[in-house]
Amino acid sequence: MPSPVARPVRFLRRALGPLADPAILDFWTREFGSTASRTRVLARVVARREESARAITLELQPNRRFTGFTPGQHDTRVVEVDGRISLSVQKVEGGVVSGHLYSRIGVGDVVELGAAFGQMTLPTVLPERLLFLAAGSGITPLMSLTRELDRRGMPVPTTLIYWARHRSDLCFLPELRALAAREPDFVLRIALTGDAATATDELRGRPGAGLFTDTVPDLARRAVFACGPAGFVEQVGCLVKPVARSFTSEAFTPPRFAAAESAQEVTVMLARSNRVLRVPTGQPLLVALEAQGLRPRSGCRMGICNTCACPKRDGLTRDLKNGGDSAGPDANLRICINGAQSDLTLDL
Ligand code: FES
């Protein structure tokens with residue numbers, strides 16, 4: 001049945017479409033609760049359910065602009081089922097976006113989806129065996145991969161080890177346990193660091209060499225995907241990388257950049273807004289610009305989603321994640337992980 005707002009929204013778009021800025025039209029149609037848009041991926045919340053004490057899943061009906069994504073990609077943390085998508089949100093202490101989605105968004109609301117991003121996608125040719133390591137919100141892309149494998153009939157033996165402090169923090173537990181019960185090639189291990197392990201699929205403790213020897217003695221035959229806080233990803237990487245066939249990881253907390261030992265000030269010219277600023281070297285440009293009251297577009301703040309990318313016309317910048325310098329123009333400078341090394345001009 002057409003939505004009661006469909007007719008006024010259609011009228012508004014038809015009458016004003018040739019004249020108005022698409023962004024303004026989008027604003028007003030969204031105010032009417034419609035997901036129609038010429039340019040943006042909007043979705044209506046059609047269901048909301050609790051996943052754990054601190055996490056919810058919103059089921060969304062996207063508009064025609066949604067072109068899909070590859071299972072495992074996230075930030076938008078979406079999972080597609082029968083043309084609908086679900087967005088799982090874990091409330092992060094002090095997190096503005098997660099707090100808003102968790103507390104304020106309900107059935108009937110319209111949300112905007114960003115482009116899906118992330119490296120946690122299954123390779124075209126599947127490896128012989130898989131091991132998924134998740135901690136906290138890191139379960140979301142791995143859940144997406146697990147569902148995709150289930151959809152394909154679990155083509156390779158897969159073990160998921162999922163860490164949480166308390167049992168009440170775990171998401172998707174009934175679904176994961178049901179899958180493990182019906183699918184012999186899917187093994188689930190719940191690793192608790194606060195509560196005692198009581199069920200047969202539970203164990204207690206942080207990642208350690210002994211845990212991997214006991215739980216996945218065939219680690220050398222497995223491709224490993226890990227997702228969680230940066231410290232977790234680093235720790236499991238050190239433990240499994242020397243043994244496993246491959247290691248793919250994604251941390252969902254932004255990297256901490258060490259302060260430059262001898263920071264100097266350089267001049268950044270923002271060509272489009274016609275502003276000139278002084279910023280310190282060795283600091284992400286995004287942080288430096290925000291410190292001066294600017295609000296450049298940003299998303300992940302860790303160099304993954306490309307939301308912050310803007311063209312650099314000239315100047316020397318340094319990738320603060322890998323230390324690599326880049327001189328001269330760059331069509332796609334990610335300002336969340338690059339700092340100025342000399343005077344430079346950005347198309348901002
Ligand atoms: S904000 Fe995601 S790459 Fe910069």
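The values are calculated or read from the model by the stated rules, or taken from the named source; none is laboratory data. All values derive from a computational prediction rather than experimental measurement. Neighbour counts are summed over all protein chains in view; Cβ atoms, including those assigned to glycine, are modelled from backbone coordinates with ideal geometry.
Data for the structure
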| quantity | calculated |
| --- | --- |
| Yes/no for Arg104 being among the basic types (Lys, Arg), buried (at least 18 other Cβ atoms within 10 Å of the Cβ) and modelled with pLDDT of 70 or more | no |
| When residues of region 178-213 are limited to those that are among the polar types (S, T, N, Q) and surrounded by 11 or more Cβ atoms within 10 Å (Cβ to Cβ), the one nearest to Phe232 (Cα to Cα) | Thr193 |
| Filter result (surrounded by 14 or more Cβ atoms within 10 Å (Cβ to Cβ), within 27 Å of the chain's Cα centre (by Cα) and of a type outside the set (Phe, Trp, Tyr)) within region 217-233 | Leu219, Arg222, Ala223, Val224, Ala226, Cys227, Gly228, Pro229, Ala230, Val233 |
| Single match in Pro296, Pro284 (criterion: on the phi < 0 side of the Ramachandran plot, in contact with a helix residue (DSSP H, G or I) (Cβ under 7 Å, 6 or more places away or on another chain) and within 14 Å of the ligand (Cβ to nearest atom)) | Pro296 |
| Set Thr267, Thr345, Thr317: member being closer than 30 Å to Ser249 by Cα and surrounded by 13 or more Cβ atoms within 10 Å (Cβ to Cβ) | Thr317 |
| Verdict on Cys308 being touching an Asp or Glu at 6+ places or on another chain (Cβ under 6 Å) and within 11 Å of the ligand (Cβ to nearest atom) | no |
| So Leu277, is it within 13 Å of the ligand (Cβ to nearest atom), in a strand (DSSP E or B) and surrounded by 13 or more Cβ atoms within 10 Å (Cβ to Cβ) | no |
| Verdict on Asn322 being away from the ligand (no atom under 13 Å from the Cβ) and within 23 Å of the chain's Cα centre (by Cα) | yes |
| Test result for Cys310, of a type outside the set (S, T, N, Q), in a strand (DSSP E or B) and over 10 Å from Ala340 (Cβ atoms) | yes |
| Filtered residue count, region 151-203, keeping only those that are of a type outside the set (A, V, I, L, M) and part of a loop (DSSP other than H, G, I, E, B) | 17 |
| Considering residues of region 283-299 that are small (Gly, Ala, Ser) and assigned to a loop (DSSP other than H, G, I, E, B) only, the residue surrounded by the fewest Cβ atoms within 10 Å (Cβ to Cβ) | Gly293 |
| Residues that are at pLDDT 90 or above and within 14 Å of Leu346 (Cβ to Cβ), drawn from region 291-303 | Gln292, Leu294, Pro296 |
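Yes/no per residue for (1) free of Cβ contacts under 8 Å to residues at least 60 places away in the same chain; (2) farther than 27 Å from Pro217 by Cα; (3) within 16 Å of the ligand (Cβ to nearest atom):
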{"residue": "Met120", "(1), (2), (3)": "no, no, yes"}
{"residue": "Ala135", "(1), (2), (3)": "no, no, no"}
{"residue": "Gly138", "(1), (2), (3)": "no, no, no"}
{"residue": "Arg147", "(1), (2), (3)": "no, no, no"}
{"residue": "Pro157", "(1), (2), (3)": "yes, no, no"}
{"residue": "Ser168", "(1), (2), (3)": "no, yes, no"}
